[in-house]
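S.K.: My questions will all concern the structure given below.
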Amino acid sequence: MKLVVILGVLGLAASSDVDKEDLAALRRNPAAHQLMAYKLATEGKKEILTTSNGAPVDYSDTNSLNSNFLQNMYVLDSILNFDRERILERLVHAKGAGAFGYFEVTDDITKYCKAKLFQHIGKSTPLAIRFSLALQERGGTDLGREVRGYAVKFYTEEGNWDIVGCNIPVYFYKDGQYIVGLIHALKRNPVTGLRDYNALFDFILHRPESLHEFLWIFSDIGIPDGYRHMSGFSVHTYELVNEHGESHFARFHFITDQGIKNIPSQQALQLGARDPDYATRDLYNSIANGSFPSWTMYIEVMTKEQVEKADFDPFDVTSLWPKGRYPLLPVGKIVLNKNPTNYFADVEQLAMNPGHLVPGIHGPPDRLFQFRALAYRDTQNYRLGVNHNKIPVNCPIKAHNYNRDGVSPVNDNALLSGKRACEPPKATRPQMVIVAHRHSRLGNSQNCVDIPLARNRIYNGGRSRLMEEAYRAVDMKLVVILGVLGLAASSDVDKEDLAALRRNPAAHQLVAYKLATEGKKEILTTSNGAPVDYKDTNSLNNNFLQNVYALDSMLHFDRERIPERLVHAKGAGAFGYFEVTHDITKYCKAKLFQHIGKTTPLAIRFSLALQERGGTDLGREVRGYAVKFYTEDGNWDIAGGNIPIYFYKDGQYVVGLIHALKKNPVTGLRDYNALFDFILHRPESLHEFLWIFSDIGIPDGYRHMSGFSVHTYELVNEHGESHFARFQFITDQGIKNIPSQQALQLGARDPDYATRDLYNSIANGSFPSWTMYIEVMTKEQIEKADFDPFDVTSLWPKGRYPLLPVGKIVLNKNPTNYFADVEQLAMNPGHLVPGIPGPPDRLFQFRTLAYRDTQNYRLGVNHNKIPVNCPIKAHNYNRDGVSPVNDNGNGAANYYPNSFNGPVPYVGKNSSKFQYVALHSNAVDLSQPSYFYEMLSEDEKSRLVKNLVLPLSETAPSIQKRVVKFFEIVNIDLSNRITIGLRNGTVV
């Protein structure tokens, strides 16, 4: 992947110490090799590792395998920071890219606007820009058919001016409160967690003014060829004021100098399957290689008199101004010449707000703009904190005000000036700018819909393609299920809808809900239960601050997102039961195994370890297989995976592993240099990675994969005798995997393939099931074993210990609400029950702390009181905190011990007679990955090598050489095949 203009931009000179092949690869593709660029730029400058409080870290503290990690400050510092790395995802425009540059004035517009950034020709103003996709979640594709955001922050002497526009010059609606309905309709269905085209077209039918925007989206312009080849538009009509107080009204256009280029749908599917970050990578590489993208700013201008006499509404954001009637004047150039130095700091924290205006630009007078000015500010306060404008990327050149305290950063908090937060001395206080000739005009918009305008905007060349796109979206077959939903065929029911429902339940959940609730419409209320008057559902020309329904909806909408899971963010869930089929009470006294035929309700969550919420179900990676058993003795959670081993034994390595496998901190893209560099530094992880790169790395949905506990659990029977077991959940549907190329094609068409398959299977009555087995060792066998039975990176010797059937897991109920039942489902391997004391290994101890801490951060300290996490019974002294608190202990004493009938602990009659502690060897055993490779068939070996070579070919040559040498130690045949594959395959 080409380096950057590295000699120029990074100031590096070619050196005999630099690997020439690495340098060539860096020049060809900067985005793929940012870490190599950083290494070259910082050669000889390694710093001593420290904790967050600056204390140097002793080498011995970087391994906590057989030590008390609660006394290891480096470990605690790392893991507890790691648990909190995710901030709230943007509700819309979550996926995006950013860059920095400048705006330079090329034409004089001071007759229209006195803003200092337009002061004279040649004047330049620094800026930040963020491109984005309106509907994609953070892990989605850059090539979806949807609106793109085009948002610019100009750092002017008079404050930051933010234009938050998009690549289409019109918008969906004029009334700001429609945002809630629009985004809910376009995002995921609240039950299935899938996109729902019934909702999309239903929204259009109820809000026909949105049709104009949707026709643009379904036309060729709906998928731009990256961010460089699309233009941007302010959408709103801004009021501009000159030095004489005269007002003009303008729409801003940012026309790409690279030329408009779009991508046909089929090509976009293929590109997106190979590289979902296509546009982000293109932008980064372009800037890094010195091809700085630029846009010409224009303004389309009307005078105050023209606005007053216009035969159309100049402030209607759903419509264009009549073509050619008003001048389109050039203003200047936007040039992007600097990539982010850190993606999170510079792009994820970049906070735009259309309400950020400067003198001379008074902003649009329309109602939608007023809504957005409030909503964006409220959203940023929620996501980043009330001091988000003090985060470096958002800081204005100067700011003097009376805002104080709150969540960091507070910067100097005005202390250096000696000012008080109340009224300061008159000589030093910031003053308001007095505007002498402030013109005020309220943009009153009509509530009618102009359909002919939308019709006439479709140019002839794009009509057939637009119709094809619209048809493809509509033709999503319908939903389910007389049996599961309890519906009988009726003459009142549309028979075609019913047939479609049976064929595809997931696509048509809303139709199923309509059929199940026919004749049961309730009166709409606010969140405090007050009925909503019909007139309050439109706030176009009202004072929306007096519209309780509008405020209630919007301010709740701003806060809908909770922090995404740091790992396993994308997943699906279902409910069912576990039934005992075989007696294992000789090993375990846990009540869920009490007798044959006993059933226990459960919830299960399948997931992908690395995908963000909008990612694909078909990535090559570990799947999570996590079960919550609701037993009489409390919830027992097994948080396992679809591979029977794990990457490492030392829990603190999780931070390095996930950072290496997730996205690069500068480019925001996956980085295969980091992946293979991690393997080279943590060779014990190779065994797991070989499983991932084998056929099993992409299961054919969740129903066709098995699950494993990974850890070795201690089990205790009624006599206090201990046994040790690994749990296996073998799919009754049969193991089925998907080859890489087929997975790319499937993922391009349906990134939610596995989620949809699971939902439809249950909805259609084909309930998936798994057989639970335990692989068992006695205490004596543990003590005499010639291997480490608690080593999670290794399997037990095949066939040496009995594999005993226990019972069946059956999934027979889909979530009734995805957020409530799946997004809030909180697993913790530390949730154990009597008879299952849990694994004694160090990794398990780490996980019990990390999972609990993570759930406290994501869902709050009372997350076990959320209905999906509630045990059958719970009696403790935990009180108060963030809701839900349920009965909060009612009137019982809130301390233990007490004399007032508060809950007391039970006395275990036959608990385990010993406390086991697993001590692990720090040596790396490469015999298991070698054995794994040798057990594969010839075809399986070929596919494994192909799957390895594909990402390895995108790494720096120096990494490739080290990997080949490393594999020589593991298996010479595997190393030779990789060498041949790299030589004959993709050249870096």
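The values are calculated or read from the model by the stated rules, or taken from the named source; none is laboratory data. Bear in mind the structure is a predicted one, so any value in this text is a computation, not a measurement. Reconstructed Cβ throughout: ideal geometry from the backbone, glycine too, with neighbour counts over all protein chains shown. For accessibility, only protein heavy atoms count, side chains too; no ligands or nucleic acids. Shrake-Rupley method; radii C 1.70, N 1.55, O 1.52, S 1.80 Å.
S.K.: Which numbered condition in (1) free of Cβ contacts under 8 Å to residues at least 60 places away in the same chain; (2) out of contact with any Pro (no Cβ under 9 Å at 6 or more places or on another chain); (3) part of a loop (DSSP other than H, G, I, E, B) is the only one that Asp311 fails?
M.R.: Just one mismatch for Asp311, condition (2).
S.K.: Right, another one. Which residues, counting only those in the stretch 352-382, are among the charged types (D, E, K, R) and open to solvent by 20 Å² or more (accessible area, probe 1.4 Å)?
M.R.: Once the filter is applied, which keeps residues that are among the charged types (D, E, K, R) and open to solvent by 20 Å² or more (accessible area, probe 1.4 Å), the stretch 352-382 yields Arg367, Arg372, Arg377, Asp378.
S.K.: Here are the criteria: (1) open to solvent by 10 Å² or more (accessible area, probe 1.4 Å); (2) in contact with a His (Cβ under 8 Å, 6 or more places away or on another chain); (3) farther than 25 Å from Pro293 by Cα; (4) not β-branched (Val, Ile, Thr). Tell me which single one Tyr238 does not satisfy.
M.R.: (1)
S.K.: From the list Leu117, Leu143, Leu88, Leu135, exactly one residue is of a type outside the set (Lys, Arg), assigned to a loop (DSSP other than H, G, I, E, B), buried (at least 21 other Cβ atoms within 10 Å of the Cβ) and touching a residue at least 40 places away in the same chain (Cβ under 8 Å). Which is it?
M.R.: Leu143
S.K.: Filter the stretch 543-556 for residues that are closer than 11 Å to Gln370 by Cβ and free of Cβ contacts under 8 Å to residues at least 60 places away in the same chain and give the result.
M.R.: Asn543, Leu545
S.K.: Another question, if that's okay. Taking the conditions exactly as written (open to solvent by less than 40 Å² (accessible area, probe 1.4 Å), within 29 Å of Asp633 (Cα to Cα) and hydrophobic (A, V, I, L, M, F, W, C)), does Val861 satisfy them or not?
M.R.: no
S.K.: I would also like to ask the following. Which number in (1) without any contact (Cβ under 8 Å) to a residue 60 or more places away in the chain; (2) surrounded by fewer than 18 Cβ atoms within 10 Å (Cβ to Cβ); (3) in contact with a helix residue (DSSP H, G or I) (Cβ under 9 Å, 6 or more places away or on another chain) marks the one condition that Gly597 misses?
M.R.: (3)
Yes/no per residue for (1) open to solvent by less than 10 Å² (accessible area, probe 1.4 Å); (2) outside the structural domain of Glu300 (by the TED database); (3) at positive phi:
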site	(1), (2), (3)
Leu80	no, yes, no
Ser124	no, no, no
Val152	yes, no, no
Gly159	no, no, yes
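Yes or no, residue by residue, for (1) part of a strand (DSSP E or B); (2) within 30 Å of Arg561 (Cα to Cα); (3) open to solvent by less than 70 Å² (accessible area, probe 1.4 Å); (4) in contact (Cβ under 8 Å) with a residue 60 or more places away in the chain:
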{"site": "Trp770", "(1), (2), (3), (4)": "yes, no, yes, yes"}
{"site": "Ser794", "(1), (2), (3), (4)": "no, no, yes, yes"}
{"site": "Lys798", "(1), (2), (3), (4)": "no, no, no, no"}
{"site": "Ala820", "(1), (2), (3), (4)": "no, yes, yes, no"}
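S.K.: List the residue pairs whose Cβ atoms are under 9 Å apart, where the first residue sits in the stretch 27-49 and is assigned by the TED database to the domain that holds Thr955, the second is assigned to a loop (DSSP other than H, G, I, E, B) and open to solvent by 30 Å² or more (accessible area, probe 1.4 Å), and the two are 6 or more positions apart or on different chains.
M.R.: none
S.K.: Does the stretch 722-729 contain any residue that is open to solvent by 20 Å² or more (accessible area, probe 1.4 Å) and part of a strand (DSSP E or B)?
M.R.: Checking the stretch 722-729: at least one residue is open to solvent by 20 Å² or more (accessible area, probe 1.4 Å) and part of a strand (DSSP E or B).
S.K.: Take the conditions under 26 Å from the mean Cα position of the chain (by Cα) and either open to solvent by less than 70 Å² (accessible area, probe 1.4 Å) or at pLDDT below 85 (or both) and apply them to Arg565. Does it pass?
M.R.: Working: under 26 Å from the mean Cα position of the chain (by Cα): yes; either open to solvent by less than 70 Å² (accessible area, probe 1.4 Å) or at pLDDT below 85 (or both): yes.
Considered against the rule, which asks whether it is under 26 Å from the mean Cα position of the chain (by Cα) and either open to solvent by less than 70 Å² (accessible area, probe 1.4 Å) or at pLDDT below 85 (or both), Arg565 comes out as yes.
S.K.: For the stretch 39-59, enumerate the residues that are in a loop (DSSP other than H, G, I, E, B) and among the hydrophobic types (A, V, I, L, M, F, W, C). Step through it out loud before you land on a result.
M.R.: At the first step, the residues of the stretch 39-59 found to be in a loop (DSSP other than H, G, I, E, B) are 42-49, 51-55, 57-58.
Passing the criteria: Ile48, Leu49, Ala55, Val57.
S.K.: To continue, here is another question. Across the stretch 622-642, what is the total count of residues that are open to solvent by 10 Å² or more (accessible area, probe 1.4 Å) and either in contact with a His (Cβ under 6 Å, 6 or more places away or on another chain) or not in a strand (DSSP E or B) (or both)?
M.R.: Final tally of qualifying residues: 4.
Yes/no per residue for (1) open to solvent by 100 Å² or more (accessible area, probe 1.4 Å); (2) in contact (Cβ under 8 Å) with a residue 40 or more places away in the chain; (3) among the acidic types (Asp, Glu):
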site: Pro867; (1), (2), (3): yes, yes, no
site: Tyr895; (1), (2), (3): yes, no, no
site: Phe900; (1), (2), (3): yes, no, no
site: Gly908; (1), (2), (3): no, yes, no
site: Ser930; (1), (2), (3): no, yes, no
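S.K.: Identify, from the list Glu968, Glu940, Glu954, the residue that is outside any helix (DSSP H, G or I), open to solvent by 40 Å² or more (accessible area, probe 1.4 Å) and either modelled with pLDDT of 85 or more or closer than 30 Å to Gln34 by Cα (or both). I'd like the intermediate steps shown before the answer.
M.R.: Values: Glu968 fails: outside any helix (DSSP H, G or I); Glu940 fails: outside any helix (DSSP H, G or I).
Going through Glu968, Glu940, Glu954 in turn, just one is outside any helix (DSSP H, G or I), open to solvent by 40 Å² or more (accessible area, probe 1.4 Å) and either modelled with pLDDT of 85 or more or closer than 30 Å to Gln34 by Cα (or both): Glu954.
S.K.: To continue, here is another question. Report, ordered by the first and then the second residue, all pairs with beta carbons closer than 7 Å, sequence separation of six or more or different chains, a first member in the stretch 388-411 that is within 21 Å of Val347 (Cβ to Cβ), and a second member that is modelled with pLDDT of 80 or more and acidic (Asp, Glu).
M.R.: From the stretch 388-411, the pairs are Val393/Asp346; Ile397/Glu157.
S.K.: Could you list all residues from the stretch 647-659 that are farther than 19 Å from Leu832 by Cβ and either open to solvent by less than 10 Å² (accessible area, probe 1.4 Å) or more than 22 Å from the chain's Cα centre (by Cα) (or both)?
M.R.: Hits for the stretch 647-659 are Phe647, Tyr648, Lys649, Asp650, Gln652, Tyr653, Leu657.
S.K.: Report the residue count in the stretch 91-114 for those that are in contact with a strand residue (DSSP E or B) (Cβ under 9 Å, 6 or more places away or on another chain) and either open to solvent by less than 50 Å² (accessible area, probe 1.4 Å) or within 30 Å of Phe846 (Cβ to Cβ) (or both).
M.R.: So the count comes out to 15.
S.K.: Being part of a helix (DSSP H, G or I), among the aromatic types (Phe, Trp, Tyr) and surrounded by 23 or more Cβ atoms within 10 Å (Cβ to Cβ), is that true of even one residue in the stretch 752-759?
M.R.: yes
S.K.: Starting from the stretch 212-223, take each residue that is on the phi < 0 side of the Ramachandran plot and list its partners that are of a type in the set (Lys, Arg) and part of a helix (DSSP H, G or I), counting only C-beta distances under 8 angstrom and pairs at least six apart or across chains.
M.R.: Ser219/Arg465; Asp220/Arg465
S.K.: While we're on this one: Restricting attention to the stretch 329-351, report how many residues are part of a strand (DSSP E or B), hydrophobic (A, V, I, L, M, F, W, C) and open to solvent by 30 Å² or more (accessible area, probe 1.4 Å).
M.R.: The qualifying residues number 1.
S.K.: Would you check which residues across the stretch 258-276 are within 25 Å of Ile334 (Cα to Cα) and either in contact (Cβ under 8 Å) with a residue 60 or more places away in the chain or not assigned by the TED database to the domain that holds Thr318 (or both) and list them?
M.R.: Selection gives Ile263 alone.
S.K.: Another one. Tell me which of these Pro699 doesn't satisfy, since it passes every other one: (1) more than 11 Å from Glu621 (Cα to Cα); (2) buried (at least 23 other Cβ atoms within 10 Å of the Cβ); (3) not aliphatic (A, V, I, L, M).
M.R.: Unmet condition: (1).
S.K.: Which of the residues belonging to the stretch 499-518 are part of a loop (DSSP other than H, G, I, E, B) and surrounded by fewer than 22 Cβ atoms within 10 Å (Cβ to Cβ)?
M.R.: Of everything in the stretch 499-518, those that are part of a loop (DSSP other than H, G, I, E, B) and surrounded by fewer than 22 Cβ atoms within 10 Å (Cβ to Cβ) turn out to be Asn504, Thr517, Glu518.
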